[in-house]
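The next block holds one structure in the form of structure tokens; read it before the comments.
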Amino acid sequence: MLASWMLAQSDYPIPMTNLTLGHYLFVAAAMFAIGLIGFLTRRNLIIMFLCTELMFQAAGIALVAFSRYHLNHTGETFVIFVLTVAAAEAAMALALVVLLFRRRESLSAEEWGQMKG
């Protein structure tokens with residue numbers, strides 16, 4: 001009984017066979033590039049913050065892929081921290097967007113240069 005249980009668990013976790021590490025890293029790099037291009041080209045603050053969230057998620061995919069490839073859990077641990085930072089960034093972004101919209105009635109990033117505190 002014990003030997004069959006150990007035999008059933010011998011290949012756990014199942015190695016990455018059909019999808020390789022390169023596939024996951026390609027998706028993560030593409031997502032990060034789309035987020036970076038969107039952040040640098042758009043001037044709408046909401047779009048800029050969504051692009052930063054996309055870059056955070058791309059980093060999370062890369063961390064989990066490397067963690068799974070090396071069969072350890074450090075990547076998942078770092079993803080928890082990335083998600084925590086992303087949640088804090090989203091809360092600050094919402095507060096800043098509301099502040100800018102109340103003062104200037106616009107969501108353009110150029111309006112920040114005209115605000116003096």
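Condition check: touching a residue at least 12 places away in the same chain (Cβ under 8 Å) and among the aromatic types (Phe, Trp, Tyr). Does residue 26 satisfy that? It is false that residue 26 is touching a residue at least 12 places away in the same chain (Cβ under 8 Å) and among the aromatic types (Phe, Trp, Tyr).
Regarding residue 76, is this residue of a type outside the set (Phe, Trp, Tyr) and at pLDDT below 85?
Details: of a type outside the set (Phe, Trp, Tyr): yes; at pLDDT below 85: no.
Considered against the rule, which asks whether it is of a type outside the set (Phe, Trp, Tyr) and at pLDDT below 85, residue 76 comes out as no.
Condition test on residue 41, is it more than 23 Å from residue 20 (Cα to Cα), polar (S, T, N, Q) and within 15 Å of the chain's Cα centre (by Cα)? So residue 41 does not fit the description; no. Scanning the range 99-108 finds one or more residues that are in a helix (DSSP H, G or I), out of contact with any helix residue (DSSP H, G or I) (no Cβ under 7 Å at 6 or more places or on another chain) and among the hydrophobic types (A, V, I, L, M, F, W, C).
Only one of the numbered conditions (1) at pLDDT below 85; (2) among the aliphatic types (A, V, I, L, M); (3) over 30 Å from residue 107 (Cα atoms) is violated by residue 65, and that is (1). One residue stands out among those in the range 79-117 that are more than 30 Å from residue 30 (Cβ to Cβ) and among the acidic types (Asp, Glu): the one that is modelled with the lowest pLDDT, which is 111.
Any residue in the range 30-45 that is farther than 16 Å from residue 107 by Cα sitting within a Cβ distance under 6 Å of a residue that is in a helix (DSSP H, G or I)? List the pairs, counting only those 6 or more apart or interchain. From residues that are farther than 16 Å from residue 107 by Cα, the pairs are 31/54; 31/58; 32/55; 32/58; 35/51; 35/54; 35/55. Of all residue pairs spaced 6 or more apart or on separate chains, those with beta-carbon atoms under 8 Å, a first member in the range 91-117 that is within 14 Å of residue 43 (Cβ to Cβ) and of a type in the set (Asp, Glu) and a second member that is modelled with pLDDT of 75 or more and part of a loop (DSSP other than H, G, I, E, B) are 110/43.
The values are calculated or read from the model by the stated rules, or taken from the named source; none is laboratory data. Keep in mind the model is a prediction, meaning the values are calculated, not measured. A quick note on method: Cβ atoms are made from the backbone with ideal geometry, for glycine too, and the neighbour counts reach across all protein chains shown.
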